[in-house]
1. Below 13 angstrom from the Cβ of A:V362, what's the summed charge of the other residues (Lys, Arg +1; Asp, Glu -1)?
2. Could you list the square roots of 5 times each eigenvalue of the Cα gyration tensor of the stretch A:312-435, that is, the equivalent ellipsoid semi-axes, sorted largest first and rounded to whole Å?
3. At R0 = 41 Å, how high is the FRET efficiency between B:D56 and A:A188 if r is their beta carbon distance? Nearest 0.05 is fine.
4. For B:V225, list long-range residues whose amide hydrogen, built 1.01 Å from N in the peptide plane, is under 5 Å from its own amide hydrogen.
5. Taking amide H positions as placed in the peptide plane 1.01 Å from N, state which residues far from A:A196 in sequence (5 or more) or on other chains have amide H under 5 Å from it.
6. Using a label point 7 angstrom from Cα along Cα-to-C-beta, what distances in nm, from shortest up, separate B:E247 from the other copies?
7. Per residue of chain A, what 222 nm ellipticity follows from adding -39500 (n - 2.57) for every DSSP H run with n ≥ 4, rounded to the nearest 500?
8. Can you give the log10 of the normalised intensity I(q)/I(0) at q = 0.10, 0.14 Å⁻¹, computed with Debye over equal Cα scatterers of the stretch B:101-206?
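Just so it is clear, none of the values below were taken in a lab; they were calculated from the coordinates. Small disclaimer: the values here were computed from a predicted structure and weren't measured. Cβ: placed from backbone, ideal geometry, glycine included. Neighbour counts: every protein chain shown.
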Number of protein chains: 2
Amino acid sequence: MNASPDRAPLRVGIAGLGTVGAGTFKLLAGNADQLRARCGREIVVTAVSARDQSKDRGIDIDGIQWCDDALSLAKLDSVDVVAELIGGSDGIAKSLAETAIANGKHVVTANKALLAHHGATLARAAEAAGVSLAYEAAVAGGIPIVKAMREGLAGNRISRVYGILNGTCNYILSAMRESGREFEDVLAEAQSLGYAEADPAFDIDGVDAAHKLAILTSLAFGCEVQFDAVHVEGIRSVSPLDIRFAEELGYRIKLLGIAGRTDHGIEQRVHPCMVPISAPIAHIEDVFNAVVADGDYVDTTMYEGRGAGEGPTSSAVVADLTDIARGRSVPTFAIPAADLAPLEAAPMSSHVGSYYVRFMVVDRPGVFAEIAGALRDHSVSMEAILQHGRDPGEAVPVVLTTHETDEASMTATLTAIQKSEAVVETPMLIRIEAL
Amino acid sequence: MNASPDRAPLRVGIAGLGTVGAGTFKLLAGNADQLRARCGREIVVTAVSARDQSKDRGIDIDGIQWCDDALSLAKLDSVDVVAELIGGSDGIAKSLAETAIANGKHVVTANKALLAHHGATLARAAEAAGVSLAYEAAVAGGIPIVKAMREGLAGNRISRVYGILNGTCNYILSAMRESGREFEDVLAEAQSLGYAEADPAFDIDGVDAAHKLAILTSLAFGCEVQFDAVHVEGIRSVSPLDIRFAEELGYRIKLLGIAGRTDHGIEQRVHPCMVPISAPIAHIEDVFNAVVADGDYVDTTMYEGRGAGEGPTSSAVVADLTDIARGRSVPTFAIPAADLAPLEAAPMSSHVGSYYVRFMVVDRPGVFAEIAGALRDHSVSMEAILQHGRDPGEAVPVVLTTHETDEASMTATLTAIQKSEAVVETPMLIRIEAL
């Protein structure tokens, strides 16, 4: 419907011609005939902006308006939609989105940092201006999870949404498990393969996953995006030893982003998790992403695919352009931005779950009793404790798993145990997830 | 946007108050506040129709208009959308959809048979009348796969779409593998658990999966739905013996529906497949469904969830109602129905793939030579052949796997081998899929 081929083309200005910008350009050209059939009109690039006009990006920008200044692109009469593919939570990306909205242009972005920090504000501006703010590419790359959450599962109350949201971390954890190698070693390999940045902190410290989780939380629970409320831990401290213990206990270690309703509010957390080997998400390996949403009617649904890269991210950008070309729009975060409530954040100390803890202890009589005593004193119920081999007088790993308890009790227990002279390193704590 | 709470409610007439109809009623009531927030208007049920007005369905239909005749519901001024939840490819369901469209009502349906047989015709009628024909619930239950194909992956050329599309078959195959029991045995159990119908033919002979596949094919390739072109085989002939051989060879047996572009046209086939244990879809067990779509930019994406049942199916029906309430519509099969091309169907004889074949042969010298000779005569390249144990003079299973060959050569080979006096049963052929 609305498919008259005579409708005016949708005119797109692409700001940023890196991997995603150039990829989007290629997709729009390569699949132009199909897009015209599907949208009932053409989607054409009328303007582009980047730092260096002369750089060879494998695309032909002859005859397309060049803007040295991205902000000027957002003001062009010949642009209906600004594709913000520059990146960064503030600076030019934010100014560009604001300028585009102020000039009545739709905005399509792949920028998770921008949305995580300014999502609610930008959504309010866009909805007040009657334009779309679309960001399918900002979460889990090619996987159409924003559409699934906002439209496909619209009838459901979501109780929990979680996923493998960073391909770099998943690649590293997969490779560590398969090869038994150390984190630093595998990170260096990932960098040489282009799966990790030269400065990898953003990925491996969990910040990127937290940006995406904050967006999913808003979509799932009808609240403002609140990145600061995400509890974030990365994967630097995960060791081959923990990976081996995990396997022995029937788990795999994954960096998950998890948002859920609790008795204390909405919890948002990104950290390494022990997930049961029987859970489908345990089998998502390498650079793949996956998102699981639990709804009251639909039950559990899972979405899997590539979370980054030129093709998948461009696919998501073009999905948003297709929606706009078809004249479709929905509220940015599923409900009108004006109705988004502040997030009632549950403190991490109120988190309830099971725990894996590995201690390095001096192998001497009485250590188990000290550990058991600390657990008892804080009412933490132990599920299992194991020590392989013996090495009297030397440091050996002791692993314990607990039944469900709250994070505050667990933290207090660890503080008590660390006071023991027998404990020679900071204990390694990994939360066990019931999925 | 468009979210003024003053907008008139969307008025729904539900025809059919079975599991899905009653479930949709419950969801619309139970999550009414959330739906109002998301749609900017209420979704209200104004009329219902079913066989027996007095039956207790756990829903309160007091004050809602009752129609003994579903067709009269489709003509009511008080109805904007008809939810056709009666079922069946023809008869009342078809008349109802036609009547609703003719009266300017949107149609939402969970009816895969109706779409598989009359999809293109109904889509043309709906688009000519300017109303939506929405059917998220018709394919893979709660999984929002129609939306993903039609919108989320809109920028991609799809090369292949496939999936586990029937939960009953997947449950039976999972249970056979886990328990080692025979098909008939497990089917009886599935019937007692409510996972299989008293007359199970529709599910276990692959017809239900073929209906869904025909719809996915149209969405993926922009062609008319053509159910008659689907090659269909069910799971009755799968034996515990084949399941064990599959495991030994590194495969699991799944009933897949597969549609793909080939050199000979679009092939559509539903049959038991050997899938590598490393493929994610091999791990979809029990009643779960999964759909995989391969696109030229997005690469491989997978969608998993419950494919049937009250909650998941109602979730999908309400997703469609939400789209309509939000004023969103897209062409029924991704491109305008007027532009849908007839399907260029590839004949099954031109299918190219690898094969597993199990023969029951009399254990005597020379049998392998006969089999090998037949393969050579038809230029079929053998990958492996195996016979476990010996039982001179008695029938024993011999399994062979082939490299890629075409179906016509494979069929001719089997015909030749069956002429051997040593072969005592019809050989069991299962296609091996490279996923």
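1. Details: positive: A:R364, A:R390; negative: A:D363, A:E370, A:D391, A:E394, A:E421, A:E425.
Overall, the nearby charge balance is -4.
2. Values: eigenvalues 457, 70, 24 Å².
Square roots of five times the eigenvalues give 48, 19, 11 Å.
3. Working: r = 67 Å, r/R0 = 1.63.
The pair B:D56/A:A188 has a calculated efficiency of 0.05.
4. B:A120
5. A:Q191
6. For B:E247, the other copies' label points sit at 2.2 nm, shortest first.
7. Working: 13 runs with 146 residues, N = 435.
The helix contribution divided over chain A gives -10000 deg cm²/dmol.
8. These q points yield log10 I(q)/I(0) values of -0.43, -0.73.
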